[in-house]
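*Asks:* One structure, pasted below without further comment.
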Amino acid sequence: MTADLSPSQYEVFARYYDAFTCASDYEAWTTAILELAESHGLAGTALLDLACGTGKSFLPFLRRGFRVTGCDSSPAMLAEASLKAPDTTLVRADLRELTMLGRFDLVTCFDDSLNYLRDDEELLASFQGMAANLARSGLAVFDLNTLRAYRTTFARDAVSESDGVLFAWRGESTEDAAPGCLAAAEIEVFAPAGDGLYERVTTRHEQRHFPVVGVVELLGDAGLDCVAVHGVLDDGSLVEGPNDERHLKSLFIARHAKGGVRP
């Protein structure tokens, strides 16, 4: 996705996404998410995974017996997901214009996908889409990048390699980025193309920082109560109490406000 949710950046990046995110432990993340969700009353196994990408975020839920519907704006990312989970329902949809796909016990949106939204209006529209698809007693769980992420990760350059593919990350933010900032990073991919040659693919990713207080208010405007916010440490583990300048991400859990769910 780009800042306007055009899938073009991920259309060319999709085949490299799994290699780029190879260090992410989705199994441990899913275990932590489910333990937290169950502590807040999660009872069913119908999952809607928004911005599901190549399917890495929902595969651990499938292995735990969940009935999954995946949703993404990029056809190429969905094509990768379908190779991993051919029997899973996959839907192409814009987060800001999400129609009712069903009533789900758990609605998730991970990997800072919501940070690609441009402003509060678009974030509110996404929350309204979550609410429309959430079962009466269901939970919405999502993460957002913190200010620290834009003052560090998005303000630095880095190089990594996976399966022979080289990734060059070039952050365009600053170490004194302000709350609510717009940040960007460019990712260059150098992939073997045979005969000693390499294919070069460049994508640019723009994101918006959304302060916790504003996110909670927008959830309320969408008819959702924020029941918990946790900080995400560098190793992916969760701690109580978010800190925008110490943690890389914040994890939110929300449910329908009392009397707010439609029949």
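*Asks:* May I ask you to give the percent of accessible area on the chain that is carbon plus sulfur, with a probe radius of 1.4 Å?
*Replies:* Carbon and sulfur: 49 percent of the exposed surface of the chain.
*Asks:* Now a separate question. Identify the GluC sites (Glu not before Pro) of region 162-263 meeting these criteria: DSSP loop state and at most 12 other C-beta atoms within 10 Å of the C-beta. Numbers along the way, then the final one.
*Replies:* Values: sites: 172, 175, 186, 188, 199, 206, 217, 240, 245; in loops: 172, 175, 245.
Loop-located and lightly packed - 175, 245.
*Asks:* Taking H placed 1.01 Å from N in the peptide plane, check which residues at least 5 places from residue 117 or on another chain put their amide H under 5 Å from its amide H.
*Replies:* 208
*Asks:* Give the lysines whose C-alpha is closer than 25 Å to that of residue 56, dropping any in the same chain fewer than 8 places away, or say none.
*Replies:* The reachable lysines, counting only those whose Cα sits under 25 Å from residue 56, are 84, 249.
*Asks:* Could I ask something else about it? First check a/c for region 19-160, with a ≥ b ≥ c the square roots of the eigenvalues of its C-alpha gyration tensor; if it is under 1.5, answer rounded, and if not, answer prolate when a/b is larger than b/c or oblate otherwise.
*Replies:* The shape class here is rounded.
*Asks:* May I pose another question? From the phi angles alone, apply the Karplus equation (6.51, -1.76, 1.60; θ = phi - 60°) to region 70-75 and give each ³J(HN,Hα) in whole Hz, x where the residue is Gly or Pro.
*Replies:* In residue order, the calculated couplings are x, 9, 7, 8, 9, x Hz.
*Asks:* Using θ = phi - 60° and the Karplus relation 6.51 cos²θ - 1.76 cosθ + 1.60, list the HN-Hα couplings for region 200-209 in order, rounded to whole Hz, with x at every Gly or Pro.
*Replies:* Karplus-based 3J(HN,Hα) across region 200-209 equals 10, 10, 10, 10, 10, 10, 9, 9, 10, 8 Hz.
*Asks:* Take every Cα-Cα pair in the chain and report what % of them are more than 33 Å apart.
*Replies:* Considering the chain, 15 percent of its Cα-Cα pairs are separated by more than 33 Å.
*Asks:* Compute the acute angle (0 to 90°) between the alpha-carbon long axis of helix 212-221 and the principal axis of greatest extent of the alpha-carbon atoms of the chain; round to the nearest 10°.
*Replies:* With rounding to tens, the tilt is 50 degrees.
*Asks:* Collect residues whose amide H, placed 1.01 Å from N in the peptide plane, falls under 5 Å from the amide H of residue 184; neighbours closer than 5 in sequence don't count.
*Replies:* 172, 173, 207
*Asks:* To continue, here is another question. Under a 5 Å amide H to amide H cut-off, with H placed in plane at 1.01 Å, what residues pair with residue 135 once short-range neighbours are removed?
*Replies:* The answer is 104, 105.
*Asks:* Find out how many positive minus negative residues lie around residue 26, taking Lys and Arg as positive, Asp and Glu as negative, among other residues whose Cβ is under 10 Å from that of residue 26. Let's see the in-between values first.
*Replies:* On the way: positive: 56; negative: 25, 27, 111.
Spelling it out: positives minus negatives among the neighbours equals -2.
*Asks:* Measure nothing fancy, just the Cα-based angle from helix 26-39's long axis to the longest principal axis of the chain, in degrees from 0 to 90, nearest 10.
*Replies:* Taking the Cα atoms of the chain, the angle to 26-39 is about 10 degrees.
*Asks:* Next question. With a Förster radius of 35 Å, plug the Cβ-Cβ distance of residue 198 and residue 233 into 1/(1 + (r/R0)^6) and report the FRET value to the nearest 0.05.
*Replies:* Using R0 = 35 Å, I get an efficiency of 0.50.
*Asks:* Going by a ≥ b ≥ c, the root eigenvalues of the Cα gyration tensor, does region 121-263 fall in the rounded group (a/c under 1.5), the prolate group (a/b larger than b/c) or the oblate group?
*Replies:* prolate
*Asks:* Okay, next question. Applying the Karplus parametrisation 6.51 cos²θ - 1.76 cosθ + 1.60 with θ = phi - 60° to the phi angles of region 52-67, what ³J(HN,Hα) value in whole Hz is obtained for each residue in order, glycine and proline being reported as x?
*Replies:* So the Karplus estimates, Gly and Pro as x, are 6, x, 7, x, 4, 6, 9, 4, x, 5, 4, 5, 9, x, 6, 8 Hz.
*Asks:* Add -39500 (n - 2.57) for each DSSP H run of 4 or more in the chain, then divide by its residues: what number comes out at 222 nm, to the nearest 500 deg cm²/dmol?
*Replies:* So the calculated ellipticity at 222 nm is -8000 deg cm²/dmol.
*Asks:* Skip the ligands, DNA and RNA, and give the accessible area per residue of region 72-141 with a 1.4 Å probe, whole Å².
*Replies:* Result: 40 Å² of accessible area for each residue.
*Asks:* Sticking with this structure for a sec: Please label the shape of region 164-229 as rounded, prolate or oblate, based on the square roots a ≥ b ≥ c of the eigenvalues of the alpha-carbon gyration tensor (a/c under 1.5 means rounded; beyond that, a/b larger than b/c means prolate, else oblate).
*Replies:* Here region 164-229 falls in the prolate category.
*Asks:* Okay, moving on. How much net charge surrounds residue 143 when only the other residues with a Cβ under 9 Å from the Cβ of residue 143 are counted, with Lys and Arg +1 and Asp and Glu -1?
*Replies:* -1
The values are calculated or read from the model by the stated rules, or taken from the named source; none is laboratory data. Worth saying up front: this structure is predicted, and the values here are computed from it rather than measured. A quick note on method: Cβ atoms are made from the backbone with ideal geometry, for glycine too, and the neighbour counts reach across all protein chains shown. Ligands, DNA and RNA are stripped out before the accessible areas are found, and what is left, the full protein with its side chains, is counted by its heavy atoms. Shrake-Rupley method; radii C 1.70, N 1.55, O 1.52, S 1.80 Å.
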